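For reference, the structure is listed below as structure tokens.
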Amino acid sequence: MIAKPDTGRSDTGFSLLEVVVAIAVFSLGALAVMNVLGVSSRNTVADEARLVAGIVAENRIAEVMALSRPPAQGASRGTEHAMARDWEWEMTVGSSPEPRILRIDVRVREAGGTQVLSEFSSFRAAR
């Protein structure tokens, strides 16, 4: 058997290049996870806004349906405070193909915003 010459180096452990590559791979994985968490939290905030806007729209329609008289035809606007935020709503009351029935459309957006977050429609007797 041939003896290996003693160079004073040990073959155990990792080289500097292997450590750098491992850190780079780990860093890429960590960045990907952070990106997914960021997108998830932004989606959660947007979902909450759409949910609350839907509740505001449903409340407007419920108030109109509870009136003893049908609402006047035309457009109306207002604001409502819900979940520590202000919401702008726009309600349009118009005729439907059936003359005895009114169509009620409600659109809701965050106060100062331009994007409609929720839109509901309903029908009610015109008399």
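Laboratory data are not the source of any read-out in this text; all were calculated from the coordinates shown. If you're wondering where the values come from, they're calculated on a predicted model, not measured in any experiment. Glycine also receives a Cβ, built like all others from the backbone with ideal geometry; neighbour counts cover every protein chain displayed.
Could you calculate the FRET efficiency of ASP105 with HIS81 from 1/(1 + (r/R0)^6), where r is the beta carbon distance between them and R0 is 22 Å, rounded to 0.05? Efficiency for this residue pair is about 0.50.
Annotation: the residues ILE101, ILE61, sorted from fewest to most other C-beta atoms within 10 Å of their own C-beta, follow the order ILE101, ILE61.
Given a cut-off of under 8 Å on Cα pairs at least six residues apart, what relative contact order in percent is computed for the stretch 6-127? Working shown, then result.
Numbers: 156 pairs, mean separation 25.0, N = 122.
Taking the mean separation of contacting Cα pairs over the length of the stretch 6-127, I get 20 percent.
Maximal additional length on extending the LEU51-VAL19 stretch stands at 6.7 nm, based on 0.36 nm per residue less the C-alpha distance.
What angle do you read, to the nearest 10 degrees and between 0 and 90, between the alpha-carbon axis of helix 16-66 and the longest principal axis of the chain? That works out to roughly 10 degrees. Among GLY29, GLY13, GLY112, the largest mean-square fluctuation in a Gaussian network model of the chain (Cα springs under 10 Å) belongs to GLY13.
Using 0.36 nm times the number of residues separating GLU63 and SER40, minus their current alpha carbon distance, what extension gain do you get? Walk me through the numbers before you get to the answer.
Working: separation 23, 0.36 × 23 = 8.28 nm, distance 3.48 nm.
Going from the current span to full extension adds 4.8 nm.
Highest GNM mean-square fluctuation among SER40, SER68, SER76, for the chain modelled with Cα contacts below 10 Å: SER68. Of the trypsin sites (Lys or Arg not before Pro) in the stretch 26-109, which ones lie in a loop per DSSP and count no more than 12 other C-beta atoms within 10 Å? Passing both the DSSP loop test and the Cβ count: ARG100.
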